[in-house]
Amino acid sequence: MASTRRVAIGVIVGLALVGALTLLVAEFDTAISGWFAGRGVTKNPLEYPLVAVVLGLVANALLRGTKTHTFVQPGIRTELFLKTGLVLMAAGLNITVIMKEGAGGLLQALVLVSAVFFFTWWLATRFGLPPQLKAVMACAISICGVSAAIAAAGAVMAKKKDITYVTALVIVTAIPLMILMPWMAKAIGLSQTVAGAWFGGNIDTTAAVVGAGTLYGETAQQVASVVKMSQNALIGVAAFLLATYFVVKVERKPSERPGPAVIWQRFPKFVLGFLLVSILASTGILTGNVATVLTALSKWAFAAAFLCIGLELSVRELGAMGWKPVAVYMSATVFNTALALGAAWVIFGALGL
């Protein structure tokens, strides 16, 4: 009884801590944006996910130093906040816009997602990574970073440390790419349209994609957003296919005959919420004001999730995973960067879609 009461109190205290620190993230983000704006930089290069993770790491160190981390651990709900943020984010995913204005983006998304996913899977296999980590990493790189990673993790029943590891790699790579890619696009003389398609097809987080497009120009921002939305639309498809593959192939025992019920059991149900919200937004049932509010709430949920990632991060566990996942992720990112540039140039440049 005493143990149950202690866990309940730990949940309350942990959630209160996450809430307070999330408010602090918002304050820091506003202050940092104001500091850059005062120096003529309209887009804050230090995105709120990075601020949240850093603040979470600081709090993590303090909690472990005071031996209170275990007490508040039950209230650190990373997956809950990630899934909530993903569902709410779908309010900004208008499928009719993608079909009407994003034919080129949809074509590029299909090419890139397929090629980058299988390249990452092949390379991870060569390096001997576990199937679950391969799936999470391949989806993160090929589709849209953390959102796809959490969907894939639910489909293949990946370990929490796999999500944490891949999320850390997403953040570490997305921020430099957001700053470097507009500079590289100017250096090679890319048009606004081609540059935006390149940003949207390569950078893993939606916020960083918008940031890179903003730094390059208004048209680049619009194209980058449509291309990234096209990739986000494939999250549900990827989750279903992965759940099916793992049930039928990876985890199947010789005596088993897995049926649709098993696949349904493995399918991450929150993806259905993501699809439902995107349909409501696309059909106009969710008005512009409601969609704006839900999108803003998704940012708060993601901020809490990234904060929890920092709070949960264990340097010892990450160190135990070794250098191979980093090598695979970085190599696949380079492949994605080169392929996305070629695809953007052909589809949005030569073909003019």
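The values are calculated or read from the model by the stated rules, or taken from the named source; none is laboratory data. In this text the structure is predicted, and so the values were computed from the model without any measurement. Note that each Cβ is placed from the backbone with ideal geometry, even for glycine, and that neighbours are counted across all protein chains shown.
Among the residues making up segment 136-160, those that are more than 20 Å from Ala174 (Cβ to Cβ) and part of a helix (DSSP H, G or I) are Gly154, Ala155, Val156, Lys160. Of the residues making up segment 191-225, those that are surrounded by fewer than 24 Cβ atoms within 10 Å (Cβ to Cβ) and hydrophobic (A, V, I, L, M, F, W, C) are Val194, Ala207, Val210, Leu215.
Just for segment 207-222: of the residues that are of a type outside the set (Phe, Trp, Tyr) and more than 19 Å from the chain's Cα centre (by Cα), which one is nearest to Ala340 (Cα to Cα)? Write out each step before concluding.
So the first thing to find is which residues in segment 207-222 are of a type outside the set (Phe, Trp, Tyr), and the list is 207-215, 217-222.
Next, from what is left, pick out any that are more than 19 Å from the chain's Cα centre (by Cα): 214-215, 217-220, 222.
Values: Thr214: 19, Leu215: 19, Gly217: 19, Glu218: 20, Thr219: 18, Ala220: 15, Gln222: 17 Å.
Per the criteria, the residue is Ala220.
For segment 184-240, which helices (runs of 4 or more DSSP H) that fit wholly inside it have 2 or more residues that are modelled with pLDDT of 85 or more and of a type in the set (Phe, Trp, Tyr)?
Numbers: elements: 192-202, 206-216, 218-232.
Result: 192-202.
Taking segment 300-316 as the range and being under 14 Å from Leu50 (Cβ atoms) and within 15 Å of the chain's Cα centre (by Cα) as the test, the residues that pass are Phe302, Ala303, Ala305, Phe306, Leu307, Ile309. Please tell me if Leu169 is at pLDDT below 80 and either more than 19 Å from the chain's Cα centre (by Cα) or crowded, with 19+ Cβ neighbours inside 10 Å (or both). Spelling it out, it is not the case that Leu169 is at pLDDT below 80 and either more than 19 Å from the chain's Cα centre (by Cα) or crowded, with 19+ Cβ neighbours inside 10 Å (or both).
Go through Val53, Val58, Val72 for me and flag whichever is modelled with pLDDT of 85 or more, surrounded by 16 or more Cβ atoms within 10 Å (Cβ to Cβ) and either of a type in the set (Gly, Ala, Ser) or assigned to a helix (DSSP H, G or I) (or both). Explain how you work it out, then say what you get.
Working: Val53 fails: modelled with pLDDT of 85 or more; Val58 fails: surrounded by 16 or more Cβ atoms within 10 Å (Cβ to Cβ).
None of the others qualify; the one that does is Val72.
Being at pLDDT 80 or above and charged (D, E, K, R) is a description that does not apply to Arg39.
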